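**Student:** Below is one structure. I have some questions about it.
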Amino acid sequence: MSLQITLNLIIAFMWMFLTESYQFPSFLTGFIIGAFLLFLLRRFIPSRFYLYRVWKFVSLILLFIKELIKSNVSIVKLVYQPKRTYNPGIFALPIDLKTNWEIAILTSLISLTPGTLSVAISDDNSLVYIHAMDLQDDKKEIESIKDSFEKAIMEVTR
């Protein structure tokens with residue numbers, strides 16, 4: 001990936017020098033041309049096209065913002081109910097993430113989302129224990145996290 005970024009930057013700077021325009025629009029034009037050339041030549045480069053990962057990273061951020069808004073709305077509904085009807089609980093989330101970096105991102109995203117908190121990680125890094133403010137069905141929560149955050153993290157990092 002770093003090779004592709006370096007090549008793209010070199011193409012962008014070469015474009016600036018060839019057009020003799022040393023301004024940002026010229027650099028941006030060269031960057032876009034370089035990205036297009038790298039996309040066309042992607043079968044000759046061993047790793048995946050690097051802008052794919054950038055797109056997946058942006059998708060992860062947008063997913064987090066969407067989940068943040070949804071959880072804020074649900075927490076506000078729970079807090080302003082006249083009677084306490086929520087059911088707090090802790091559940092174990094089995095994870096397929098391997099590296100410490102991936103696990104740290106997952107636990108941070110879970111903890112930043114209102115209503116959930118990462119409590120602990122098992123010694124073998126296969127389980128994350130999560131406290132939920134309103135835990136109705138732990139299997140549904142597990143599937144929700146695996147289908148959203150864990151899947152998006154794996155698309156970014158692998």
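The values are calculated or read from the model by the stated rules, or taken from the named source; none is laboratory data. Owing to the predicted nature of the structure, the values given are computational and were not obtained by experimental measurement. Don't worry about glycine lacking a Cβ; one is built from the backbone with ideal geometry, like all the others, and counts go over all protein chains shown.
**Student:** List every residue pair whose Cβ atoms lie under 9 Å apart, where the two residues are 6 or more positions apart in sequence or sit on different chains, the first residue falls within the range 71-92 and is under 20 Å from Asp138 (Cα atoms), and the second residue, located anywhere, is modelled with pLDDT of 90 or more and surrounded by fewer than 10 Cβ atoms within 10 Å (Cβ to Cβ).
**Tutor:** That search, which allows pairs on different chains as well, returns Phe91/Lys139.
**Student:** Considering only residues that are free of Cβ contacts under 8 Å to residues at least 40 places away in the same chain and closer than 26 Å to Val79 by Cβ, which ones fall in the range 103-119?
**Tutor:** Thr107, Ser108, Ile110, Ser111, Leu117, Ser118, Val119
**Student:** Pick out the one residue from Leu28, Leu40 that is modelled with pLDDT of 95 or more, exposed (fewer than 14 other Cβ atoms within 10 Å of the Cβ) and over 26 Å from Asp147 (Cβ atoms).
**Tutor:** Residue meeting the stated conditions: Leu28.
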